[in-house]
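Take a look at the structure below.
The values are calculated or read from the model by the stated rules, or taken from the named source; none is laboratory data. Remember, it's a predicted structure, so these values are computed and weren't measured experimentally. Counting neighbours? That spans all protein chains shown, and the Cβs are built from the backbone with ideal geometry, glycine included. Quick note on the areas: whole protein, heavy atoms, side chains included, nothing else; ligands and nucleic acids left out. Shrake-Rupley method; radii C 1.70, N 1.55, O 1.52, S 1.80 Å.
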Amino acid sequence: MISCKPYKNASPNHITQFFGANPRPYQPNGHTGIDWVSTYGTFLVAPEKVIIRNIITPNKLLEDGSEAWREKAQYGYGVVMESFNETGLFYMHWHCLPVFPVNIGDVVEQCKPVAQMGNWGFVMSGGIYVPIQNRNKYPYPGTHLHYEKFREFGGTRQYLDPLKDIDWSIKIEFDV
């Protein structure tokens, strides 16, 4: 499925960590998404026509009781989107600001806002962890988007490189 870039003016130069980079024991195949840097509050958009399946907040993670979601708490706030045209294909935006312009169940057209870039969860700047008390002050260190794409089959995820399907020529235009 062809997707748009994650925000207006995004370019490959904004990528700080690529898919599959830096394998670790808990991620033997490497980074499960792509990290993008931009300005705090930048609107993030739907990569294609999607259905909002979940809006993740730390409180929701605690209520959910699911171990799979608990381990994602380090990502802070996020939005889970399922492709409108392809069942079982999902996208996630993590480290978002805590206010979302969408609700669970909404159908959102490609290139329309679904979240805003933030620095919630476990974030680093220059290789150093950013303490919570330092995040709400300009220049908002640790601001970035962790963008995942995966297929889910019976609870098992196959992570995909979202960069392979981006059409950089798709214009992102919206009113907020």
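Kindly indicate the residue of the stretch 81-91 that is without any contact (Cβ under 8 Å) to a residue 60 or more places away in the chain and in a loop (DSSP other than H, G, I, E, B) and also surrounded by the fewest Cβ atoms within 10 Å (Cβ to Cβ) among those meeting that condition. Show your work before the answer.
Taking the stretch 81-91 first, the residues without any contact (Cβ under 8 Å) to a residue 60 or more places away in the chain are 81-82, 84, 87.
So of that shortlist, the ones also in a loop (DSSP other than H, G, I, E, B) come out as 84, 87.
Values: PHE84: 17, THR87: 10.
Result: THR87.
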note = Here the residues within the stretch 104-135 that are in contact (Cβ under 8 Å) with a residue 40 or more places away in the chain and charged (D, E, K, R) are ASP106, GLU109, LYS112
query = Based on what the data block shows, is GLN74 of a type in the set (S, T, N, Q) and modelled with pLDDT under 95?
reply = yes
request  = Looking only at the stretch 92-101, decide whether some residue is open to solvent by 80 Å² or more (accessible area, probe 1.4 Å), in a loop (DSSP other than H, G, I, E, B) and at pLDDT below 95.
outcome  = yes
note = Considering residues that are open to solvent by less than 50 Å² (accessible area, probe 1.4 Å) and among the polar types (S, T, N, Q), the number found within the stretch 102-124 is 2
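May I ask you to list the residues in the stretch 1-30 that are of a type outside the set (S, T, N, Q), at pLDDT 90 or above and in a loop (DSSP other than H, G, I, E, B)?
Matches in the stretch 1-30: ILE2, CYS4, LYS5, PRO6, TYR7, LYS8, ALA10.
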key: Counted residues, the stretch 119-148 - those being part of a strand (DSSP E or B) and under 18 Å from SER11 (Cα atoms)   = 5
remark   = Quick count over the stretch 149-167, residues being in contact (Cβ under 8 Å) with a residue 12 or more places away in the chain, open to solvent by 50 Å² or more (accessible area, probe 1.4 Å), outside any strand (DSSP E or B) and closer than 26 Å to VAL123 by Cβ, is 0
